[in-house]
Amino acid sequence: MVLLALSLGISAAPAPLYGVYASAWGFAPITTTVVFAVYAFGALVSVLLTGPVSDRIGRRPVLLAAALGLLVGLVLFALAQSVTWLIVARAIHGVSVGAIVVAGSAALLDLEPDHGARSGKRSGVAFNVGIALTIVAVSLIAEYGEHPLVTPYVLLAVVVAVLLAAVVVMREPHGRSGATELRIARPRVPPSISADFRFAAIGVMASWSVLGVFLSLFPKIASDAVDTDNLLFGGAVVAAMAVAAAVSQLIAVRWTPRLAAVSGDAGTAVTLLACIVAVHSGSAVAILACSGVLGFFFGMAFGSSLRHLGDVVPADHRGEVMSAFYLLGYGAMAVPTILAGWAATVWSPEQILAPFLVCVAMASVVAGVLGWRLDAPDADADID
C-alpha cells in the first residue's frame, strides 16, 4: 500500500516544479504539457500489459522491476540537463507507476480476495494521500531548501530504495505464478453494457482531462493569478485537490455508484465554472477552496464511475472493458493537456483556461445526463 501511494506521489512530484524548469530553460507551455503527457502514454501501455504479465510470472517480480524504474527515473530527473531528460524520465515513470498500480492492486486482492471493495477504497484513498503528501513535501523542499531541481528527487529516491528492499524480502502473494496463459486483453465493450460504458467513460475522460491540466499548467496559472512565485502555493493547490478526492472516496462508497457518479459529474461541472471566477479574482483563498471542492467532486465522479462499471460488466469481459476504460482515461489525460499547452503558446495560459474548463464542464454534464437516464425504464432502448 505504501509503494502504491508513493508511486502516485512520484507521478505528480514534478507538478510544482514545471514553472521552475520553464523559467530556467525557457521552454513554452506546450513543452510542459508534452513532458506531462509522456507519463500518461507510458502508464497506458503499462496498464494494458502488466496485468497478464503479473498473472503469469507473479506480482513480486513486476513490483521489483517497477520500483527499479522509479529509481532510474528519479536519478534522471536529478541529473536532468535538458527537456529530453525530463521526457525520458517521465516515460519511465509512466511505465513504472502503471505497473505498480496494476500489480500492487492485484497483490492486495491476492492477500484479501474476499474484500475487494475494501481494498479498492483503501487504494483510492492511498493514491490521493500519496499525491498530496509528496507534492507538499516537494514544494517545501524546493522552496526553502538547496538545489530545488535536485534535492526533492534525491530524497524520494532514498525512500524508494527502502521500499525496494522491502519488496525484495516480501513473499509472492500470487499463488498461480507461471500457470496463467499470457494473453493481452484488447479493448472491447459488449453491446449489453454500451450505455453504462458511455456514461462511465465520458465521466472519466472529463475528470482526467482536468487532472492533466491541474498537474501541468494550473500550478503556474494559479501562482500568477495571485502574483506569487512561492512554490508552496502551487503545490498546495494540487494537494488540496488530492486530499479532497481522498475524502470523497470515503463518502461516495455509502451511495449507489450511479448516484454518486452523477452527483460527482454535476458537481465537477459547477466547480469548474467556479474555478474560472476564482482565478480571475486573484484570491488565493478562493483558488484553494475551488481546488478542494473540485477535487472532491472529481474523486467522486471517477471512483463511482469505475464502481458502476465494475458492477455491470460481465465477468468474462472484464479485461476487455477495463482496457477500453483506461485507454480512454489516459488518452483524455494526455491529448487535451497537449492541446491546452499548444493553445497557451498562441494565447496565454490564463486566456485558454476558461474555454478549456467550459468544454470539460459540458462533457461532465453530458456524462451526468447519460447516467441519470440509466434510471429510466427505456433508457437502453432510447440510447441504442
Those residues that are modelled with pLDDT of 80 or more and loosely packed, with under 11 Cβ neighbours inside 10 Å, I need them from the range 167-210; list them, please.
Pro191
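Within the range 1-92, which helices (runs of 4 or more DSSP H) (wholly inside it) include 3 or more residues that are more than 18 Å from Phe218 (Cβ to Cβ)?
Values: elements: 2-12, 18-25, 29-57, 59-79.
Passing ranges, in order: 2-12, 29-57, 59-79.
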Considering the range 266-277 alone, what residues qualify as being surrounded by 22 or more Cβ atoms within 10 Å (Cβ to Cβ) and of a type in the set (A, V, I, L, M, F, W, C)?
Ala269, Leu272, Cys275
Of all residues making up the range 213-248, the number that are assigned to a loop (DSSP other than H, G, I, E, B), among the acidic types (Asp, Glu) and on the phi < 0 side of the Ramachandran plot
1
For the condition surrounded by fewer than 18 Cβ atoms within 10 Å (Cβ to Cβ), out of contact with any Cys (no Cβ under 9 Å at 6 or more places or on another chain) and over 22 Å from Val138 (Cα atoms), what is the one hit in Ser263, Ser283?
Ser283
Name the residue, out of Ala261, Ala244, that is farther than 23 Å from Ala344 by Cβ and modelled with pLDDT of 90 or more.
Ala244
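Being of a type outside the set (A, V, I, L, M, F, W, C), surrounded by 19 or more Cβ atoms within 10 Å (Cβ to Cβ) and either in contact with a Phe, Trp or Tyr (Cβ under 7 Å, 6 or more places away or on another chain) or within 19 Å of Ser223 (Cβ to Cβ) (or both) is the requirement here; does Gly299 meet it? First the steps, then the outcome.
Values: of a type outside the set (A, V, I, L, M, F, W, C): yes; surrounded by 19 or more Cβ atoms within 10 Å (Cβ to Cβ): yes; either in contact with a Phe, Trp or Tyr (Cβ under 7 Å, 6 or more places away or on another chain) or within 19 Å of Ser223 (Cβ to Cβ) (or both): no.
For Gly299, the condition - of a type outside the set (A, V, I, L, M, F, W, C), surrounded by 19 or more Cβ atoms within 10 Å (Cβ to Cβ) and either in contact with a Phe, Trp or Tyr (Cβ under 7 Å, 6 or more places away or on another chain) or within 19 Å of Ser223 (Cβ to Cβ) (or both) - is not met.
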Of all the residues that make up the range 249-304, how many are part of a helix (DSSP H, G or I) and among the basic types (Lys, Arg)?
1
From the list Glu350, Glu320, which residue is of a type outside the set (Val, Ile, Thr), out of contact with any helix residue (DSSP H, G or I) (no Cβ under 9 Å at 6 or more places or on another chain), assigned to a helix (DSSP H, G or I) and outside the structural domain of Ile87 (by TED's automatic domain parsing)?
Glu320
Within the range 280-304, which residues are among the small types (Gly, Ala, Ser), within 20 Å of Ala367 (Cβ to Cβ) and out of contact with any Asp or Glu (no Cβ under 6 Å at 6 or more places or on another chain)?
Gly295, Gly299, Gly303, Ser304
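Give the residue, chosen from Leu68, Leu44, that is assigned by TED's automatic domain parsing to the domain that holds Thr134, within 23 Å of Glu320 (Cα to Cα) and of a type in the set (A, V, I, L, M). Even if it seems obvious, please write down each step before you answer.
Working: Leu68 fails: within 23 Å of Glu320 (Cα to Cα).
None of the others qualify; the one that does is Leu44.
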Give me the pairs, please: first residue somewhere in the range 332-348 and without any contact (Cβ under 8 Å) to a residue 40 or more places away in the chain, second residue anywhere and crowded, with 16+ Cβ neighbours inside 10 Å and not basic (Lys, Arg), beta-carbon distance under 8 Å, and either six or more positions apart or on two chains.
Ala343/Ile352; Ala343/Phe356
Scan the range 308-331 and give yes if some residue there is surrounded by 24 or more Cβ atoms within 10 Å (Cβ to Cβ), within 21 Å of the chain's Cα centre (by Cα), under 14 Å from Gly264 (Cβ atoms) and at pLDDT 85 or above, otherwise no.
no
If you check Ala66, Ala28, Ala15, which single one turns out to be farther than 30 Å from Arg171 by Cβ, surrounded by 24 or more Cβ atoms within 10 Å (Cβ to Cβ) and either small (Gly, Ala, Ser) or within 19 Å of the chain's Cα centre (by Cα) (or both)?
Ala15
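Any residue in the range 48-59 that is at pLDDT 90 or above and under 25 Å from Met170 (Cβ atoms)? Reasoning before the result, please.
Going residue by residue through the range 48-59, those that are at pLDDT 90 or above are none.
No.
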Does any residue in the range 225-246 that is touching a residue at least 12 places away in the same chain (Cβ under 8 Å) and outside the structural domain of Ala132 (by TED's automatic domain parsing) come within less than 6 Å, Cβ to Cβ, of a residue that is of a type in the set (Ser, Thr, Tyr) and surrounded by 23 or more Cβ atoms within 10 Å (Cβ to Cβ) six or more places away or on a different chain, and which pairs are these?
Leu231/Ser139; Leu232/Ser139; Gly235/Ser139; Val237/Ser291; Ala240/Ser291; Met241/Ser291
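The values are calculated or read from the model by the stated rules, or taken from the named source; none is laboratory data. Keep in mind that this is a model prediction, so the values were computed, not measured. Positions of Cβ are backbone-derived with ideal geometry, glycine not excepted, and every protein chain shown enters the neighbour counts.
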